[in-house]
């Protein structure tokens, strides 16, 4: 019997890229849907700064991701400017039905080849690779804009505050470093009951 889940991600996130390259290590019983969201929208809602907005954390994040990529054997090259506006990449992904192949092509273009993701030429080049005939019309589609907005709002409603995040029912697994916990949860949900979300949600604050 398969387990249903959603995988929330944004192309601006190097951790989303790295986790994408580990998705094939998840149990085959996990049936997940890939859902692109706007990370900046999550940050705005929760009134939180992203790693790239804090200078020392920005540097440490890039260094950590490079180290992780080396450990995982995943090609990694920071794009020519970061952060960049991910909206055109997210809309392009949605226009092609967020297939695994399309998501991988976009991620690899940005994070494996050090693309000029912040430029119009960058998105045009990617659009050509993906065979998009009228890129401008696709990126300006009201339907795609609304779909991305709805994805982001739904993620917020499920308590998602960062990317990448897996959501299964009421349980969230945020970040690359929670994949092992996710796998154990899938294998032994009853044995993991002692760290269920509900118990900690009821914990009072001491300040």
Selection from the range 109-125 of residues part of a helix (DSSP H, G or I), under 19 Å from the mean Cα position of the chain (by Cα) and free of Cβ contacts under 8 Å to residues at least 60 places away in the same chain yields 109, 123
What single numbered condition from (1) part of a loop (DSSP other than H, G, I, E, B); (2) over 16 Å from residue 19 (Cβ atoms); (3) touching a strand residue (DSSP E or B) at 6+ places or on another chain (Cβ under 7 Å) fails to hold for residue 90?
-> (1)
Quick one: how many residues across the range 48-71 are in contact (Cβ under 8 Å) with a residue 24 or more places away in the chain, part of a helix (DSSP H, G or I) and within 18 Å of residue 161 (Cα to Cα)?
-> 2
Of all residues in the range 82-112, which are more than 17 Å from residue 13 (Cβ to Cβ) and either at pLDDT below 95 or buried (at least 20 other Cβ atoms within 10 Å of the Cβ) (or both)?
-> 95
Out of all the residues in the range 135-144, is one or more under 21 Å from residue 7 (Cα atoms) and either surrounded by 18 or more Cβ atoms within 10 Å (Cβ to Cβ) or out of contact with any strand residue (DSSP E or B) (no Cβ under 7 Å at 6 or more places or on another chain) (or both)?
-> yes
Count, please, the residues in the range 69-81 that happen to be surrounded by 17 or more Cβ atoms within 10 Å (Cβ to Cβ) and closer than 20 Å to residue 50 by Cα.
-> 1
Give the residues of the range 157-188 that are loosely packed, with under 14 Cβ neighbours inside 10 Å and more than 27 Å from residue 45 (Cα to Cα), sorted by residue number.
-> 180, 184, 187, 188
Residue pairs meeting the criteria (Cβ under 6 Å; at least 6 apart or on separate chains; first assigned to a loop (DSSP other than H, G, I, E, B), in the range 21-32; second modelled with pLDDT of 95 or more) = 21/74
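The values are calculated or read from the model by the stated rules, or taken from the named source; none is laboratory data. All figures in this text were calculated on a predicted structure; none of them were measured in a lab. Here the Cβ is made from the backbone with ideal geometry for all residues, glycine too, and neighbour counts use every protein chain on show.
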